[in-house]
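Encoded as structure tokens, the structure appears first; notes follow it.
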Amino acid sequence: MTNLLSDPHNEQVAACVAKYGSGSFERGIDRLSNHFRTLCFGDTFGNDDNVFALILDRVDYGHTATTESKCFELLTDLRKEIPRFYLHVPSTFDFRIGRGAVAFHYWQQRLVELSSVSLLMNHSSYWHEDKPETDPGAYKLRVLIGFDRFRINNQSSGKEGSLYIYSRESGRLIKAMPDGRGYLRLQNTGSMYCQGLTVIIDDIGGQLPLNPTKQSIAFAEQTNGGIHEENLITLVGALVKVYFDHHLNKYKNRTRLTQMVKDFGDDPVEVDNMK
């Protein structure tokens with residue numbers, strides 16, 4: 001490592017290592033080596049094949065001037081944003097960024113009138129065909145719907161009905177649509193299906209087809225994928241319409257519905273993790 005960092009091309013890395021050693025290049029190397037030795041062979045993580053280390057170099061993030069403040073801003077934002085990508089992390093999981101614990105209850109904190117419904121989906125025959133629940137092509141899809149109190153109280157955020165799709169196969173958020181009304185064939189003009197409306201599709205059975213990199217849904221790569229997508233759009237869209245109409249009737253009009261969501265504010269609340 002000493003020889004590698006003696007190369008002039010690695011001058012900035014060497015300075016970073018010296019800083020890690022409180023000004024001493026040799027001490028920085030010793031600390032770094034011990035850290036990796038503990039990670040790879042220590043009692044805590046030595047036998048765990050899923051542990052890895054990530055080193056960020058030349059961090060240029062945010063609007064602050066110093067490297068320390070840039071790193072602090074990056075870690076702070078990561079602590080806030082990571083929970084949005086993972087829906088099912090149990091409360092017993094101790095996940096930390098720096099010394100701060102990460103709480104995985106992003107949507108539970110945000111959504112007012114949060115409802116959960118299981119839909120019987122079919123990937124081989126159309127939704128209107130008479131098929132029993134035991135049909136090989138049938139599976140259950142969970143849909144969560146609510147109104148985002150944070151988004152509606154943020155003047156710079158859109159209020160349109162948004163759509164998020166989580167895959168159990170990839171374990172995270174794979175698709176986000178800030179305005180998902182058109183995809184779900186809902187009225188997408190004016191303030192209909194707005195008010196911070198948020199729709200979450202939770203693929204609890206891991207049945208949604210993914211592309212090879214598992215970054216997005218790929219209905220075109222599945223046999224009868226067109227049928228599968230048509231069923232998803234139709235059934236989820238119908239559920240969202242029933243949900244929205246119910247709350248619109250309850251509060252009489254969209255203005256009162258909007259105010260109801262706003263009145264919840266954006267203060268943190270104590271919530272349980274999602275199963």
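The values are calculated or read from the model by the stated rules, or taken from the named source; none is laboratory data. It should be emphasised that the depicted structure is a prediction, and the values quoted were computed from it without experimental measurement. Note: ideal-geometry Cβ built from the backbone for every residue, glycine included; neighbour counts use all protein chains shown. These area figures cover heavy atoms from the full protein model, side chains too; ligands, DNA and RNA do not enter into them. Shrake-Rupley method; radii C 1.70, N 1.55, O 1.52, S 1.80 Å.
Out of segment 67-97, which residues are β-branched (Val, Ile, Thr) and open to solvent by 70 Å² or more (accessible area, probe 1.4 Å)?
67, 92
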Q) When both residues are 6+ apart or on different chains and their Cβ atoms are under 8 Å apart, which pairs have a first residue that lies in segment 136-159 and is within 15 Å of residue 181 (Cα to Cα), and a second that is charged (D, E, K, R) and in a loop (DSSP other than H, G, I, E, B)? A) 158/179
(Q) I need the full set of residues from segment 37-66 which are modelled with pLDDT of 75 or more, among the polar types (S, T, N, Q) and exposed (fewer than 10 other Cβ atoms within 10 Å of the Cβ), in order please. (A) 66
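Which residues, counting only those in segment 54-96, are closer than 29 Å to residue 202 by Cα, free of Cβ contacts under 8 Å to residues at least 60 places away in the same chain and assigned to a helix (DSSP H, G or I)? Walk me through how you get there before you give the answer.
Pass one, segment 54-96, residues closer than 29 Å to residue 202 by Cα: 74-96.
Adding the requirement that they be free of Cβ contacts under 8 Å to residues at least 60 places away in the same chain leaves 74-83, 92-96.
Listed by number, the residues that qualify are 74, 75, 76, 77, 78, 79, 80, 81, 82, 83.
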Q. Among (1) open to solvent by 70 Å² or more (accessible area, probe 1.4 Å); (2) part of a helix (DSSP H, G or I), which single condition is residue 228 missing?
A. (1)
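Has segment 174-181 got at least one residue that is in a helix (DSSP H, G or I) and not hydroxyl-bearing (Ser, Thr, Tyr)? Write out each step before concluding.
Going through segment 174-181, the residues in a helix (DSSP H, G or I) turn out to be none.
Looking through segment 174-181, none of the residues is in a helix (DSSP H, G or I) and not hydroxyl-bearing (Ser, Thr, Tyr).
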**Q.** Enumeration of residues in segment 137-158 that are open to solvent by 40 Å² or more (accessible area, probe 1.4 Å) and of a type in the set (A, V, I, L, M, F, W, C)
**A.** 150
Q: Considering only residues that are open to solvent by less than 40 Å² (accessible area, probe 1.4 Å) and of a type in the set (S, T, N, Q), look in segment 239-275 and name the one that is modelled with the highest pLDDT.
A: 258
Q | Those residues of segment 165-192 which are touching a residue at least 24 places away in the same chain (Cβ under 8 Å), on the phi > 0 side of the Ramachandran plot and more than 22 Å from the chain's Cα centre (by Cα), in sequence order | A | 185
Q: Could you check how many residues of segment 119-135 are without any contact (Cβ under 8 Å) to a residue 40 or more places away in the chain and either among the basic types (Lys, Arg) or open to solvent by 70 Å² or more (accessible area, probe 1.4 Å) (or both)?
A: 8
Q.
Could you check segment 231-271 and list, in sequence order, the residues that are in contact (Cβ under 8 Å) with a residue 24 or more places away in the chain, touching a helix residue (DSSP H, G or I) at 6+ places or on another chain (Cβ under 8 Å) and part of a helix (DSSP H, G or I)?
A. 247, 254, 257, 258, 261, 262
